[in-house]
Protein chains: 2
Amino acid sequence: MSVEHTLLAVLSYWPSTGYDIKAEFEHKAASLYWGMSYGSIYPKLKKLEEEGFIYTLEQEAEGRRKKLYELTPKGWEELENWQRMSPAYPVVKDELFVKLSTWHDDMDSSILIGHLQKRREETEDILRFVKEWPSNGYSFVSKFSALAIRFAEMRLEAEIKWIEEATHILKTNDLPEGQDLNGNADKILKRRRMALKENEEK
Amino acid sequence: MSVEHTLLAVLSYWPSTGYDIKAEFEHKAASLYWGMSYGSIYPKLKKLEEEGFIYTLEQEAEGRRKKLYELTPKGWEELENWQRMSPAYPVVKDELFVKLSTWHDDMDSSILIGHLQKRREETEDILRFVKEWPSNGYSFVSKFSALAIRFAEMRLEAEIKWIEEATHILKTNDLPEGQDLNGNADKILKRRRMALKENEEK
DNA sequence: AACCACATGTAATTCGTTACATGATTCG
DNA sequence: CGAATCATGTAACGAATTACATGTGGTT
């Protein structure tokens, strides 16, 4: 029920519309939270309202039609029970590491270096944003959020540092040894060359 | 088509069965790769075979019935084309940060400290494994994988360092300022107290 | 008048997991 | 000989995205 709880968490800051929530996830999202589509948000808000965790704030028909959702007592309690529960260990899905782990000597390492450069730029963008965030003059950053932001900063800095190291290692072709007790690296190259040669002969 | 490519990537190490692949994801998984269930793996392998990316290695009916899959020339090419494509920026979904970001002064911070302690232990377990990995005497670790592992190490170490800092800050109640231009922290506490009081009165 | 940002919603589809069903082989 | 492990597979279900459908209000 984690997506629902995340919605309750966002609403705990202040009453919001589905549209607001989507926007909220749009920019901060990049490094700490995760995205959500309208097709998820609206049905879930409806469901949460039906179950009594949130309700629609009545407003005196000013301007555009919109539904501001606010937490009910039951909603506040549900959020806090969830917060007290031990969080699951996060799963990181990073294509870069799958690509890197299965790279081999018959591939052009400059492409890999390109991937690293791009990742570095993206990471630097986010880092810049994260660094300014707690003093940008408009965002609300609670004491606790500030701790979370500090973590994001450290993680992003570690990533950039690694990218620099890794890039240098690849450029100077000074790769570490690894552990290859069965000559697997060679076997892989042979299997691959064999397969591709076969193919060419046809 | 990222799951399919990950299967091709695993098969590029050596021919494997669906069962092997699942096992492969089971332990290393924790920090660099991601898990996959049989309900995903078998149908995808079947599909990849039908599409000509992999084929079943014939074996002389020794022992147990099993299907060893190997890459076809088309499979090798597809894997490498995918590797050359720029990887998407990873999405991190971490409940801990949602819980932390919406923590507030009316909640017992010792519970939060408990969450951090648990995360620390889990992270240390993985770090221990990751550190031993490239010299554990049995795993195959290519030169490139060794780079990826080095990254995992740095990230995990950064995480542990942050947990230590954050725990200390919470214990000494020495939290940072944050940024609260509209008195939102107070507003949140008021909204919540109001809601919960109402509830009690009923 | 046209366009963009605000705003809500649903239907079809994709994607993946869980749970179940089945059976062989090895080890104590 | 019973349990654990190896091994493959499917059906039902659940979760989330994409694409579509609709409309208002402010700005140029």
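The values are calculated or read from the model by the stated rules, or taken from the named source; none is laboratory data. Note that the coordinates shown come from a computational prediction; the quantities given were computed from them, not determined experimentally. Here Cβ is always computed from backbone atoms with ideal geometry, including for glycine, and neighbour counts include all displayed protein chains.
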Exercise. Do you know which residues across region A:34-51 are away from chain B (no Cβ under 14 Å) and either under 20 Å from B:L189 (Cβ atoms) or away from DNA strand C (no atom under 12 Å from the Cβ) (or both)?
Worked result: A:E51
Problem set entry | Test set (1) within 14 Å of DNA strand C (Cβ to nearest atom); (2) within 23 Å of the chain's Cα centre (by Cα); (3) part of a helix (DSSP H, G or I) - B:K99 fails condition number | (1)
Exercise. Among the strands (runs of 3 or more DSSP E) contained in region A:52-94, which hold 2 or more residues that are surrounded by 13 or more Cβ atoms within 10 Å (Cβ to Cβ) and within 7 Å of chain B (Cβ to nearest Cβ)?
Worked result: A:91-93
For this session: Determine whether A:F140 is within 18 Å of the chain's Cα centre (by Cα), surrounded by fewer than 19 Cβ atoms within 10 Å (Cβ to Cβ) and touching a residue at least 60 places away in the same chain (Cβ under 8 Å).
Result: no
Problem set entry | Long-range neighbours under 6 Å by Cβ, at least six apart or interchain, first residue free of Cβ contacts under 8 Å to residues at least 24 places away in the same chain within region B:187-202, second surrounded by 11 or more Cβ atoms within 10 Å (Cβ to Cβ) | B:A195/A:P73; B:A195/A:W76; B:L196/A:P73; B:N199/A:P73
Exercise. So is B:D125 more than 7 Å from chain A (Cβ to nearest Cβ), under 16 Å from the mean Cα position of the chain (by Cα) and either surrounded by fewer than 17 Cβ atoms within 10 Å (Cβ to Cβ) or over 19 Å from A:L100 (Cβ atoms) (or both) or not?
Worked result: yes
Exercise. So A:L181 clears everything in (1) of a type in the set (A, V, I, L, M); (2) buried (at least 16 other Cβ atoms within 10 Å of the Cβ); (3) over 14 Å from B:G178 (Cα atoms) except one condition, right? Which one?
Worked result: (2)
Exercise. Can you name every residue in region B:178-200 that is facing chain A (nearest Cβ under 7 Å) and either among the charged types (D, E, K, R) or part of a helix (DSSP H, G or I) (or both)?
Worked result: B:D180, B:N184, B:A185, B:I188, B:R192, B:A195, B:L196, B:E198, B:N199
Problem set entry | Neighbours by Cβ (under 8 Å, 6+ apart or cross-chain): first from region A:1-26, over 19 Å from A:T56 (Cβ atoms); second within 11 Å of DNA strand C (Cβ to nearest atom) and in a helix (DSSP H, G or I) | A:V3/A:S40; A:V3/A:K44
Exercise. Quick one: is A:T17 among the β-branched types (V, I, T), in contact with an Asp or Glu (Cβ under 9 Å, 6 or more places away or on another chain) and within 16 Å of DNA strand D (Cβ to nearest atom)?
Worked result: no
For this session: Return only the number of the condition from (1) more than 9 Å from DNA strand C (Cβ to nearest atom); (2) under 27 Å from the mean Cα position of the chain (by Cα); (3) modelled with pLDDT of 90 or more; (4) surrounded by 15 or more Cβ atoms within 10 Å (Cβ to Cβ) that B:K28 does not satisfy.
Result: (3)
